[in-house]
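Step one of this worksheet: look at the structure below.
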Amino acid sequence: MITDGGGIPLAVILTGGNTADVTQLLLLVHAIPPIRGKQGRPRSRPDTVFGDRAYDSRHHRAALRRLGIIPVLARKGTTHGTGLGTIRWVVERSNSWLHQFRRLRVRWERRADIHEAFLSLACALICYRRLQSF
């Protein structure tokens with residue numbers, strides 16, 4: 001899942017349970033739909049991407065820069081306390097919002113399309129609840 005700064009899911013990709021999250025980074029960035037805002041062309045890419053140490057690689061940094069995105073990724077081998085965790089918790093909170101839906105906590109469906117439909121519905125409900133709180 002990739003979210004905005006407030007925790008609203010922008011794109012979600014369903015993978016196998018033992019697939020590393022880092023393999024989906026660029027696919028998630030490309031899956032972000034155009035977002036309407038000010039006049040002009042709708043934005044389809046974020047300005048910056050924040051990530052933990054798992055995403056730290058030259059390949060990912062270079063690919064994000066080619067897309068015009070500033071990568072803010074924690075470096076492997078550095079001590080904790082870089083301050084990135086104060087921003088990164090937004091995604092963890094969004095994951096906990098998804099786990100409030102009992103059907104998504106443990107995957108019982110054998111078919112991926114059914115599970116993905118429940119995942120999309122949960123993301124829509126999260127967006128609705130966030131918009132309702134404003």
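The values are calculated or read from the model by the stated rules, or taken from the named source; none is laboratory data. Please read these numbers as outputs of a predicted model, since none were measured by experiment. In this analysis, Cβ positions are derived from the backbone assuming ideal geometry, glycine residues included, and neighbour counts consider all displayed protein chains.
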Filtering region 29-78 down to residues that are buried (at least 17 other Cβ atoms within 10 Å of the Cβ) and either of a type outside the set (D, E, K, R) or out of contact with any strand residue (DSSP E or B) (no Cβ under 8 Å at 6 or more places or on another chain) (or both) yields VAL29, PRO46, VAL49, PHE50, GLY51, TYR55, HIS60, LEU64, PRO71, LEU73, ALA74
(1) within 17 Å of VAL90 (Cβ to Cβ); (2) in contact (Cβ under 8 Å) with a residue 60 or more places away in the chain; (3) exposed (fewer than 10 other Cβ atoms within 10 Å of the Cβ) all hold for ILE8 apart from (3)
On the given criteria, is THR23 of a type in the set (Val, Ile, Thr) and at pLDDT below 85?
-> no
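Taking the conditions exactly as written (more than 18 Å from ASP4 (Cβ to Cβ) and either β-branched (Val, Ile, Thr) or at pLDDT below 90 (or both)), does ARG66 satisfy them or not? If you could, list the steps in order and put the result at the bottom.
Values: more than 18 Å from ASP4 (Cβ to Cβ): yes; either β-branched (Val, Ile, Thr) or at pLDDT below 90 (or both): no.
No, not satisfied.
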